[in-house]
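J.: This is the structure I have questions about; it appears just below.
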Amino acid sequence: MVRIRVSDRTRSGVASMSLRPKSPALFPAGIEKKPDRPGFRSFKTTSAVFYPQRWHRDLLIQATLDPSISFIEPVPAARQSLDSFKVFIWFEGRSRLLVAVRNAIDLGVYASLPDALSLDRSTVLDEPRCSVARQIWATRTTQISPGDRIRILRELSESPGGAPLGRLIECVRSNDADPVDIVLALVCSGQAEVELGAHLAPDTPIRSAARSQPPERGTARATFV
């Protein structure tokens, strides 16, 4: 399964600690208004997620492609800070706060936050996972004909353990796009899953994806002030 490598500090039994309230002025408030940065959206986001740095987008792409994460919800700008980027995720059946920091040394600051997961920039940019995720996400706008979609999904339904990418492209009859792009576009739409741990190859396994119902609006909230 595709999994973002995170440091889960919530099982250590360490007492909960509240963060000091961050001033909204510390967060680049104009980021939500930039026309060239409309925010990240995917089949897992409940609304657009605005991000200040390029590697934060990589994090959101990888979270979208990670089968262990069901949904992604933005954290209000007033709760963001210059030293971290935060989003709510639905993980292991409950809402969690995902905190991304630039330097690994800063992970300890968030170690005792209840129901929090943390990771650093080097983990997000780790290869080949980062490049593979970008390559897959680049196919998200590929048009898929109804016939190709049905043939690929039928093949996946008949292969519970997954089918190799090389076999799935044989289901493609359309000449409008690269057959590999068509298969990967199904991953971007949430109808299929793929492992990010290795470079794409003919034997890369693709699996049918199971989708969960979104949590009720307002339930994905962190427990810190």
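The values are calculated or read from the model by the stated rules, or taken from the named source; none is laboratory data. Being a predicted model, the structure only gives us computed values, none of them experimental. For neighbour counting, all protein chains shown are included, and Cβ atoms are generated from backbone atoms with ideal geometry for every residue, glycine included. Ligands, DNA and RNA are stripped out before the accessible areas are found, and what is left, the full protein with its side chains, is counted by its heavy atoms. Shrake-Rupley method; radii C 1.70, N 1.55, O 1.52, S 1.80 Å.
J.: Please list 3J(HN,Hα) in residue order for segment 139-150, calculated via the Karplus relation 6.51 cos²θ - 1.76 cosθ + 1.60 where θ = phi - 60°; whole Hz, with x for glycine and proline.
T.: Residue by residue, segment 139-150 yields 8, 5, 8, 5, 6, 10, 6, x, x, 4, 4, 5 Hz.
J.: Where only protein heavy atoms count, and the probe is 1.4 Å, what is the accessible area per residue for segment 79-184 in Å²?
T.: 46 Å²
J.: Still on this structure: So between Glu92 and Asp178, what do we pick up on full extension, going 0.36 nm a residue minus the alpha carbon distance?
T.: On the way: separation 86, 0.36 × 86 = 30.96 nm, distance 3.54 nm.
Contour length minus Cα-Cα distance gives 27.4 nm.
J.: Another question, then. For the pair Ala210 and Asp126, what calculated FRET efficiency results from E = 1/(1 + (r/R0)^6), where r is the Cβ-Cβ distance and R0 = 25 Å, to the nearest 0.05?
T.: Numbers: r = 26 Å, r/R0 = 1.05.
The pair Asp126/Ala210 has a calculated efficiency of 0.45.
J.: Could I ask something else about it? For Ile206, list long-range residues whose amide hydrogen, built 1.01 Å from N in the peptide plane, is under 5 Å from its own amide hydrogen.
T.: Ala163, Leu165
J.: Same structure again: Spelling out what I want: for every residue of segment 42-59, take phi, set θ = phi - 60°, compute 6.51 cos²θ - 1.76 cosθ + 1.60 (Karplus), and round to whole Hz; glycine and proline get x.
T.: Values, residue by residue: 8, 5, 9, 7, 7, 6, 4, 10, 8, 9, x, 10, 4, 5, 5, 5, 4, 4 Hz.
J.: Starting from the Cα-Cα distance between Glu170 and Ser145, subtract it from 0.36 nm times their residue separation and give me the gain in nm to one decimal.
T.: Working: separation 25, 0.36 × 25 = 9.00 nm, distance 1.43 nm.
Length gained, Glu170 through Ser145: 7.6 nm.
J.: Related question: Among the GluC sites (Glu not before Pro) within segment 86-184, which fall in a DSSP loop and have no more than 10 other Cβ atoms within 10 Å of their own Cβ?
T.: Glu158
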